Each structure stands twice: as C-alpha cells, then as structure tokens.
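Engineer: Have a look at this one before I ask anything.
Laboratory data are not the source of any read-out in this text; all were calculated from the coordinates shown. Owing to the predicted nature of the structure, the values given are computational and were not obtained by experimental measurement. Neighbour counts are summed over all protein chains in view; Cβ atoms, including those assigned to glycine, are modelled from backbone coordinates with ideal geometry.
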Amino acid sequence: MQQANNPYKSGFISIIGRPNVGKSTFLNRVIGQKIAIMSDKPQTTRNKVQGVLTQDDSQMIFIDTPGIHKPKHKLGEFMLKVSKNTLREVDVILFMVNAEQKIGKGDEFILELLAGNQTPVFLVINKIDQVHPDELITIIESYKDKYPFSEIVPISALQGNNVENLLTKLEEYLPEGPQYYPADQVTDHPERFIISELIREKVLHLTREEIPHSIAVVIDKIKRDEENENMIRVQATIMVERDSQKGIVIGKRGALLKEVGTLARKDIEMLLGSKVYLELWVKVQKDWRNKQTHLRDFGFRE
Ligand code: GDP
Ligand code: MG
Ligand code: K
C-alpha cells in the first residue's frame, strides 16, 4: 500500500508482442472496459489504442502498439517508425509473449527493435493458465538471456492471475508526474495519433529545413459525416511557434497547405478505409513545447 503522502506517479506504457499473445485482453482486463478490439484474427488492432488506468496514487496510460511486424507496404513502414519512436518515449515497455509458444521469428524481430533502447522492458508471459509450471520455466529460460529485462512476470490476462502484481511492479517504474487525463477518460480515438503523425510528416517533407521538427499537429475532431456515412471528417490544427512559420506552412495563396492536405488525406483514407474530408488549420502558439500537458496531447514527443 502506498502512503497518502507519496508523490503522484504517472506514465506511458507500451504493450508490444506478436499478434494474438493477448495484448488487447490484458488491456481490457486492466481498464475493465472493452476498449481494444479482441479477436482471433491477427492484427485486428491495427493502430494505437490508449487505455487509461487512474488510481489514487498513479495514472497509467497504456498503448496497444500496432502489431509490430516486418512492414509489407509504405504505410506499414510508417507505422513501424511511429512504433519505434513510441518505444523510445514511453516509460515502460511490456513485451508480451504467449506461454504456449516457443520463441519465434516475430519475437526475435521485436527483440531486435528493442536492442539499445533505454526504456525498461518487462517480459510478460501470458496465458499461464494453458501451461504446466515446468513449461513456464522452459519459456523463461529461453528468453531471459536474450535481453536485459527489468522484470519477468507470468500472467493470465484472461483469468486475471498475477495481473495485480504486474500493476504494482509497473507503478514502481513510473516517474513522478501529474494526472494527464481526467479520471473518467479511459480511451482516446485509436487512430488519432497516427493521423497527426501523417499530417506532420507531410508538412515536414514539403517545407524541408524551413520548418523545425518542433511543430505539432492536434486532431480537433474525427467524426463520421452526418449526411454521407461513407465519409469521415477530420479537423486538425498544425501548431507552429512563430508567425513566420505560419506563413511558410500556408504557402503562397494557401498552395502548400493544400498540398499537405491532399497528400495526408490519401494516407488517412488508406488508414481508415474510408473517404475522408480533411480540414486543416494553422495556429501560432508560443512555447507550446514547455507545456507538459499539451505535449502529451500532441503525442508526447520531445
Ligand atoms: P492480441 O492480438 O495480442 O491483442 O491478442 P488478443 O487479446 O486479441 O487475444 C488473442 C486470443 O488469445 C483471444 O482468443 C483471447 O481470448 C486469448 N487469450 C488472451 N489472453 C489469454 C490468457 O491469459 N489465457 C488464455 N487461455 N487465452 C488468452
Ligand atoms: Mg490486439
Ligand atoms: K487481436
């Protein structure tokens, strides 16, 4: 039990692992609500899903990172890049494996991605309800020298075994921090972060060195069109720090912003599998980088 006068802790936790190891099941159990899509089909969780667990002394923001796998197309490559960046920026990584399965190519690929990462990594061995304790020991043996894991925690996400213990350990690794989200907020729009990254990428690409990486894209709205249900409306604001940058991002007679919109829309349509109407705004906000809470909203980059 934490004492009442202990500092509040909060942080971001990324869950990675091969498809079907139980990432969504775990998230659902922890958050206690169906927020991530579960299924037996691989890669149902195509995108980032955030689940927020708010407790008296801590807040944990879980990220169900897109099934990290070797990319087959350009958008996949982009998503892998997003995932790799995410892994650097979170406070703890949960690498989840299935106790029933031997270490495989997919696991090795993830371990390669993790190599050199400074973030603490827990090896979470899920589905222990399916194996004999001896088998569990064999699994632990096969992983423990592959990476300097901070913790090795066997659980059953489905039945709940040892999940509380995992949460207690997680809390130990969280930094002191504020409550980023209101207590009643359990999930964010899963695609929100990737959409903002897609737009940001187009701006950086089309403006080259003139615009520093310090810009941010905030998604104001993602909504199905009321009249046309095959259309999704996305409204986003590109945040810059100076008036001069605003001019550059908009371009002559709005030409550059228009091109950003066209290119980003195509990618977002691919991501969402729907027609998209994209509305872009540019706003100058000085020092947004110093505002922690804002930072987190923008996708917690440095
Ligand atoms: P994800 O792809 O990693 O998100 O995996 P899911 O959460 O969608 O789970 C894939 C399948 O594994 C589902 O059928 C789950 O019910 C099952 N599953 C998840 N956790 C456990 C567990 O602890 N024990 C057992 N027996 N099955 C589990
Ligand atoms: Mg999933
Ligand atoms: K799944």
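Engineer: Based only on other Cβ atoms within 10 Å, what is the fewest-to-most ordering of Arg253, Arg200? Write down the numbers at each step before the final one.
Structural biologist: Details: Arg253 8, Arg200 23.
Ranking Arg253, Arg200 by Cβ neighbours within 10 Å, fewest first, gives Arg253, Arg200.
Engineer: So for each of 150-159, 118-127 I average, over its residues, the number of other beta carbons within 10 Å; can you give me the resulting order with the highest mean first? Write down the numbers at each step before the final one.
Structural biologist: On the way: 150-159: 18.5, 118-127: 20.4.
My ranking of the peptides, most packed first, is 118-127, 150-159.
Engineer: In vacuo Debye scattering of region 192-297, one point per C-alpha: log10 I(q)/I(0) at q = 0.18 Å⁻¹?
Structural biologist: The Cα Debye sum returns log10 ratios of -0.85.
Engineer: Show me, for region 104-119, the HN-Hα J-couplings you get by feeding each phi into the Karplus relation (A = 6.51, B = -1.76, C = 1.60, θ = phi - 60°), rounded to Hz, glycine and proline as x.
Structural biologist: Whole-Hz 3J(HN,Hα) from phi for region 104-119: x, 4, x, 5, 4, 4, 5, 4, 5, 4, 6, 3, x, 5, 8, 6.
Engineer: Can you list residues whose amide H is under 5 Å from Val217's amide H, if they're 5+ apart or on another chain and H is modeled 1.01 Å from N?
Structural biologist: Under 5 Å from the amide H of Val217: Met239.
Engineer: In the structure displayed, which of Lys84/Lys221; Lys23/Lys105; Lys102/Lys202; Lys81/Lys102; Lys23/Lys223; Lys9/Lys283 lie more than 30 Å apart, Cα to Cα?
Structural biologist: Working: Lys84/Lys221 26 Å; Lys23/Lys105 18 Å; Lys102/Lys202 41 Å; Lys81/Lys102 27 Å; Lys23/Lys223 27 Å; Lys9/Lys283 32 Å.
Listed pairs above 30 Å: Lys102/Lys202; Lys9/Lys283.
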